[in-house]
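I have placed the structure first, in the form of structure tokens, so that the comments after it can refer back to it.
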Amino acid sequence: MSHYILITGYRQQLAKAIHKLGIPYSIVTEKPLKTLPPGVDDIIITDFSQIKKEQDAACLKLRKPPTHVIAGTESGVFPAAVLRRIYNTRRSTKTLLIRCTDKMAMKKYLRKHEIPMGGFVTHQKDLTAVELIKELGLPVVVKDRKNSGGRNVVIAKTAAELSALIAPQRLYEQFLDAAEGSIESFVEGGEIIFSNITEYHTNKVSNIVPAGYDEAETARIKALNYKVIKALNIKWGLTHLEYYRHVDGELFGEVALRPPGGYIMELIKRAYDFDPWEVFVQIELGEPVESLPSDTVWICGTVLLHPGEGVVSDVSSPQLTAYPTLSKTSLKVKQGDYISPRIGVGEDVGYCIFKAKTYAEIKQDMDKMCNNSPIQVIPPE
């Protein structure tokens with residue numbers, strides 16, 4: 001039977017990979033697309049919250065039913081799960097979906113499986129700031145259970161701040177004074193066939209692939225990742241696990257069963273010299289994947305540009321004379337444009353990609369870029 005893919009949550013590189021593989025596809029998105037993706041059959045614009053389990057297979061008015069539904073973004077994960085049931089396509093278990101999207105269910109389950117992590121408290125009726133501080137200390141990290149990408153994450157530094165943030169559907173975590181990072185893995189037949197460790201050079205701003213850690217730390221992060229994937233019984237897919245480099249050892253942050261943001265997929269492509277989007281599609285389709293490289297060709301990094309809310313006062317394109325490892329620049333705003341506040345790490349108004357043969361070369365240029373943004377703004381009064 002020939003494949004027909006439905007994408008929930010548009011990712012440009014995912015659409016390109018599907019088209020390159022010669023597979024027909026349609027897209028469900030919440031917002032109109034600025035450009036027409038290559039080879040797309042239909043583009044359905046709808047509020048994802050309206051895609052509910054009681055809908056029938058005619059709800060999207062597709063030309064033909066999909067054989068596979070692939071979530072391209074974090075917001076597309078839940079509608080993809082609903083549509084997989086509606087169209088009876090390949091899907092992971094409902095339990096796995098919940099454990100990879102609901103931070104409370106995820107952490108409660110993995111703590112039972114002895115995964116090392118910071119302290120946390122789940123919301124309950126009559127919970128008080130005093131109780132939270134007694135359990136977690138100050139500051140306390142407050143998160144929405146089902147948001148990712150840093151959205152709606154608040155660090156409460158006082159009892160008064162914390163008290164105002166207590167609400168249902170929230171998770172309260174111990175603040176960990178430690179650098180963060182992530183590890184991305186392709187899983188096929190329950191086994192990890194490729195993994196990459198990403199270093200968060202500057203949290204929420206810049207990433208390096210692969211991370212510049214020593215062999216011992218690299219091995220510990222891979223062991224943590226393996227233990228989590230086995231505990232969750234993930235049989236196939238692309239995982240994105242975040243960790244903390246804590247003084248007491250590597251600690252679990254959270255895990256998602258979807259492609260990472262922050263241009264990490266593009267960094268993997270450049271560093272390892274294969275297209276991770278094509279591999280992602282093959283694994284989603286249940287097709288065999290050829291042997292993937294374990295060694296890198298380049299060390300790569302990206303700096304996301306978002307100078308904060310305000311009116312753009314100056315935009316200057318970075319030059320190779322100042323940044324010898326600069327490989328690509330994308331500037332999405334011009335002088336006079338207004339930049340809205342940054343809500344999540346997936347939001348940017350430009351980015352720069354770097355590549356070199358050594359970690360030191362990459363880090364030097366990225367340090368410089370992080371301290372000298374090519375986009376300047378006048379903040380609101």
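Taking label positions 7 Å along the Cα-Cβ direction at both Asp337 and Lys52, the computed distance is 3.8 nm, reported to one decimal. From least to most packed, judged by other beta carbons within 10 angstrom and beginning with the fewest, Cys370, Cys100, Cys300 follow the order Cys370, Cys100, Cys300.
When you restrict to C-alpha pairs under 8 Å that are six or more residues apart and normalise by the size of region 176-320, the relative contact order lands at 27 percent. The value obtained for region 300-378, namely the Cα convex hull volume divided by the number of residues, is 80 Å³ per residue. The lysines within cross-link reach of Lys94, meaning a Cα-to-Cα straight distance under 21 Å and a gap of 8 or more places when in the same chain, are Lys52, Lys53, Lys103, Lys107, Lys108, Lys112, Lys146, Lys227, Lys230, Lys235. Look at the alpha carbon pairs under 8 Å that are at least 6 residues apart: their mean separation over the length of the chain gives a relative contact order of 13 percent. The base-10 log of I(q)/I(0) for region 141-293, evaluated at q = 0.14, 0.17, 0.20 Å⁻¹, reads -0.74, -1.04, -1.33 [Debye formula, identical scatterers on Cα atoms, solvent excluded].
Given +1 at the Cβ of Lys and Arg, -1 at the Cβ of Asp and Glu and no other charges, the dipole of region 1-114 around its Cα centre is 440 debye to the nearest 20.
When the trypsin sites (Lys or Arg not before Pro) in region 134-210 are filtered for DSSP coil states and for at most 12 other beta-carbon atoms within 10 Å of their beta-carbon, the remaining sites are Lys157. Cβ-to-Cβ counts within 10 Å put Ser206, Ser92, Ser316, Ser195 in ascending order as Ser316, Ser92, Ser195, Ser206, the fewest first.
As a rough footprinting exposure proxy, the listed residues Glu215, Glu254 were ranked by other beta carbons within 10 Å of their own, and the order from fewest upward is Glu215, Glu254. The simple Förster model, with R0 at 25 Å and r as the Cβ-Cβ distance, assigns Ala231 and Thr296 a FRET efficiency of 0.30.
Ratio of Rg to Rh for the chain: 0.96 [Cα atoms; Kirkwood radius as inverse mean 1/r over pairs].
Each value in this text was obtained by applying a stated rule to the coordinates, not by laboratory testing. Because the structure is predicted, anything quoted here is derived from the model rather than measured. Reconstructed Cβ throughout: ideal geometry from the backbone, glycine too, with neighbour counts over all protein chains shown.
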